[in-house]
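Report on the following structure.
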Amino acid sequence: MKKVIAIIALGITGFAAKAQSPSSTATQTVNLNLSNAIELTFTGSGTATGAAVNLAFNTVNDYANGVASAEQTLRVRSNRRFGVTVRTNNANFTYTGAVTPAPVMPVTGVLDLRVPANGTGGTIASPFSASSYADLSNTAQNLLSNCANGGNQTFNIQYNATPGFAYPAGTYTVDVVYTATQL
């Protein structure tokens, strides 16, 4: 009888070891609804408004040879390829000073720009280059083309102004507008 009970006990234990534990599965779909996004900022300020660039003309050589600014760095963050254009907000500088009527200084022929560093993966568009300056105007001009998407696409710009000797003392101001557009 002991053998029968032992065999039955082994049979029950073996059966229990082979039994499946109950389980349940749940599934959920997660959708990432991405939109096209682009942002252009000056790294110095971290905003879309850069610090004022002041070009001081203090000597005759400054008037004769022009004055260059320090390099300014802009950063583009975009989830698509992009291009950058540049223009001034006006065809002429705005004058603040003592002379009346106010002198009219055109932007074109006075204010130039170059792109000494380009980390966007794109191409510097002609007439701009890394080594020589090109005129700015109030008409949008391609500055960079076919730039790669990414979160830290930077490029540097540098201004050079050569007003010559035709304009009286005062402050001449113009805004330079950069626009990054996804392709």
TODO: Filter the stretch 155-183 down to residues that are of a type in the set (V, I, T) and surrounded by 15 or more Cβ atoms within 10 Å (Cβ to Cβ) and give me whichever is farthest from T73 (Cα to Cα).
DONE: T162
TODO: Could you tell me which numbered condition A102 fails, if it satisfies all but one of (1) closer than 17 Å to T173 by Cβ; (2) at pLDDT 95 or above?
DONE: (2)
Open item on the list: One residue is enough: does the stretch 64-78 have a residue meeting the conditions free of Cβ contacts under 8 Å to residues at least 60 places away in the same chain and under 18 Å from T171 (Cβ atoms)?
Closed with: no
Open item on the list: Just to be sure I understand the filter: pairs with C-beta atoms under 8 Å, separated by 6 or more residues or on different chains, first member in the stretch 28-40 and aliphatic (A, V, I, L, M), second member assigned to a loop (DSSP other than H, G, I, E, B). Which pairs pass?
Closed with: L34/N79; A37/N79; I38/N79; I38/R80; L40/A48
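For V53, state whether it is assigned to a loop (DSSP other than H, G, I, E, B) and surrounded by 10 or more Cβ atoms within 10 Å (Cβ to Cβ).
yes
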Open item on the list: It is to be established whether one or more residues within the stretch 54-74 are modelled with pLDDT under 95, of a type in the set (A, V, I, L, M) and over 30 Å from Q158 (Cβ atoms).
Closed with: no
Task: Candidates V60, V76, V84 - the one that is over 13 Å from the mean Cα position of the chain (by Cα) and either farther than 20 Å from N138 by Cα or surrounded by 11 or more Cβ atoms within 10 Å (Cβ to Cβ) (or both) - done: V60
- [ ] Scan the stretch 17-50 residue by residue and report those that are among the aliphatic types (A, V, I, L, M) and exposed (fewer than 10 other Cβ atoms within 10 Å of the Cβ).
- [x] A17, A19, A26, V30, L32, L34
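The values are calculated or read from the model by the stated rules, or taken from the named source; none is laboratory data. The structure displayed is predicted, hence computed values, not measured ones. Heads up, the Cβs are rebuilt from the backbone with ideal geometry, glycines too, and the neighbour counts pull from every protein chain shown.
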